[in-house]
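To start, the structure itself, in structure tokens.
The values are calculated or read from the model by the stated rules, or taken from the named source; none is laboratory data. In this text, all values refer to a predicted model and were calculated from it rather than measured experimentally. Methodologically, a virtual Cβ is constructed for each residue, glycine included, from the backbone with ideal geometry; neighbour enumeration extends over all protein chains shown.
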Amino acid sequence: MTVTKGWGPEGRPAAVCVTFDNLGEVCELGLGLWPTDRPLGTHPSVTTELPRILELLDKNQLHTSFYFEGWGAQIYPDAVHGVVAAGHEVGCHGWKHEPTGSLPPAEGLATARQGVAALREIGIDVRGFRPPGGRIGPLEQPVLRELGLEYCAPAGTSPGTVDGMPYLPFIWTAVDALFYFPPFFPLREGLGLPSEPPGPKAFQRMIDADIERTIADGGLLIYVMHAFLLTEPEKMATLARLLARVAADDRLWAAPLVEVAAFVKSDPTRFEGQAGLERDSWM
């Protein structure tokens with residue numbers, strides 16, 4: 001979406017936010033990949049990679065949004081509170097990473113409620129939701145209001161509001177799993193990419209192209225990163241380059257999505273009814 005005004009309190013030409021999804025072993029449990037003899041609460045994405053991510057964010061003086069499953073947050077409450085203590089937002093990513101929009105509506109809504117409630121039970125002020133799988137499903141604005149949420153961050157093409165509720169979508173080429181995660185092959189094929197993960201170099205080329213396009217269009221670009229995919233040095237180095245670029249480019253506004261949502265909501269003339277959302281799922 002091309003816009004005519006800037007972004008954020010300084011009116012910068014574009015907004016780029018590097019966000020993070022998933023916590024611990026919840027996805028591997030769902031796929032049956034977690035060893036039965038390995039204790040819960042020991043996943044390296046939390047014990048090793050999350051501290052590195054927080055260090056990079058601090059180095060670049062960036063604050064952003066993390067979306068955690070309610071189940072994982074209850075397994076790792078200290079890690080979740082550490083993210084908040086570092087100045088970042090924690091939003092909800094479902095209960096056990098069930099694909100909210102691909103389930104029957106009542107079931108998808110139940111997992112959303114359970115995830116939000118679990119985060120609030122450990123004292124987290126949850127104001128945003130990112131549906132696993134990207135599709136919004138039952139998360140229309142009346143449901144978000146019922147859950148006490150202020151915005152939704154699904155897959156889509158352009159930010160906007162529906163009856164005053166902000167939707168802040170990500171595009172799939174800004175998701176690290178598209179380039180790193182083998183099970184994403186149906187999505188890659190649907191986008192005309194090779195079935196096998198293209199890897200960090202291809203992701204870096206896409207980063208460079210997407211950021212420049214977003215600046216030219218005056219839009220919002222949201223990256224979705226996953227700590228469990230960043231165990232290889234080259235992948236963590238790609239994240240480090242992305243964060244450094246966002247922090248150094250004075251054409252970009254970077255903020256937690258709860259702040260972006262408030263900004264979008266504050267300008268209904270510009271954003272009301274503009275949300276471009278993905279209603280079909282690749283899953």
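The set of residues in segment 225-234 being part of a helix (DSSP H, G or I) and closer than 13 Å to Val175 by Cβ consists of Leu229 alone.
Got at least one residue in segment 236-258 being over 17 Å from the mean Cα position of the chain (by Cα), in a loop (DSSP other than H, G, I, E, B) and among the small types (Gly, Ala, Ser)? No, segment 236-258 contains no residue that is over 17 Å from the mean Cα position of the chain (by Cα), in a loop (DSSP other than H, G, I, E, B) and among the small types (Gly, Ala, Ser). Screening Pro166, Pro186, Pro200 for residues that are at pLDDT 95 or above and more than 19 Å from Ala254 (Cβ to Cβ) leaves exactly one candidate, Pro200. Total residues in segment 264-283 satisfying the condition of being assigned to a helix (DSSP H, G or I) and surrounded by 21 or more Cβ atoms within 10 Å (Cβ to Cβ): the figure is 2. May I ask you to list the residues in segment 96-125 that are touching a residue at least 60 places away in the same chain (Cβ under 8 Å) and outside any loop (DSSP other than H, G, I, E, B)? The answer is Gly101, Ser102. Being of a type in the set (Val, Ile, Thr), under 30 Å from Lys59 (Cβ atoms) and crowded, with 16+ Cβ neighbours inside 10 Å is the requirement here; does Val116 meet it? No, not satisfied. For segment 97-107, what are the residues that are buried (at least 18 other Cβ atoms within 10 Å of the Cβ) and either among the aliphatic types (A, V, I, L, M) or in contact with a Leu (Cβ under 8 Å, 6 or more places away or on another chain) (or both)? Scanning segment 97-107 gives Thr100, Gly101, Leu103.
Listed by position, the strands (runs of 3 or more DSSP E) inside segment 10-95 whose residues that are aromatic (Phe, Trp, Tyr) and modelled with pLDDT of 95 or more number at least 1 are 14-21, 65-68.
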